[in-house]
Amino acid sequence: MLHAGVILKGVRPGKYQVRIVKADEDDDGKNLRKPPIAAKFFQFKNSGLTFDVPMSSDVTLELLPR
């Protein structure tokens, strides 16, 4: 979780509206030209994505290509 510019480990249980944060560089440090995902997913209000965090278990997020 990002809070006041600091990345904190974990979040409180509950339902969250989420967005995707794109990387500016690949793993080799090269600048990325165009993100491989629609721009609407980069903003909370447009993403339509939500995530339920349970009280006491790990969460795994699996992304699949179209």
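Using the structure shown, decide if Lys40 is of a type in the set (Lys, Arg) and either loosely packed, with under 10 Cβ neighbours inside 10 Å or in a loop (DSSP other than H, G, I, E, B) (or both). Break it down into steps so the answer makes sense when it comes.
Numbers: of a type in the set (Lys, Arg): yes; either loosely packed, with under 10 Cβ neighbours inside 10 Å or in a loop (DSSP other than H, G, I, E, B) (or both): no.
In short, no.
Looking only at segment 28-37, which residues are modelled with pLDDT of 80 or more and either in a loop (DSSP other than H, G, I, E, B) or within 27 Å of Asp58 (Cα to Cα) (or both)? Asp28, Gly29, Lys30, Ile37 - these are the residues of segment 28-37 that are modelled with pLDDT of 80 or more and either in a loop (DSSP other than H, G, I, E, B) or within 27 Å of Asp58 (Cα to Cα) (or both).
Test Ser47 against the criterion of being surrounded by 10 or more Cβ atoms within 10 Å (Cβ to Cβ) and hydroxyl-bearing (Ser, Thr, Tyr), and give yes or no. For Ser47, the condition - surrounded by 10 or more Cβ atoms within 10 Å (Cβ to Cβ) and hydroxyl-bearing (Ser, Thr, Tyr) - is met.
Just a yes or no: is a residue in segment 55-64 loosely packed, with under 10 Cβ neighbours inside 10 Å, of a type in the set (Asp, Glu) and free of Cβ contacts under 8 Å to residues at least 12 places away in the same chain? Give the steps one after another, and end with the answer.
In the first step, residues of segment 55-64 are kept if they are loosely packed, with under 10 Cβ neighbours inside 10 Å; the result is 55-58, 60-64.
Within this subset, residues satisfying the condition of being of a type in the set (Asp, Glu) are 58, 62.
With the extra rule that they be free of Cβ contacts under 8 Å to residues at least 12 places away in the same chain, the set shrinks to 58, 62.
Scanning segment 55-64, I find at least one residue that is loosely packed, with under 10 Cβ neighbours inside 10 Å, of a type in the set (Asp, Glu) and free of Cβ contacts under 8 Å to residues at least 12 places away in the same chain, so the answer is yes.
Would you call Gly29 surrounded by 10 or more Cβ atoms within 10 Å (Cβ to Cβ) and on the phi > 0 side of the Ramachandran plot? Working first, answer last.
Values: surrounded by 10 or more Cβ atoms within 10 Å (Cβ to Cβ): no; on the phi > 0 side of the Ramachandran plot: yes.
So Gly29 fails the test.
The values are calculated or read from the model by the stated rules, or taken from the named source; none is laboratory data. Keep in mind it's a predicted model, so treat the numbers as computed, not measured. Glycine also receives a Cβ, built like all others from the backbone with ideal geometry; neighbour counts cover every protein chain displayed.
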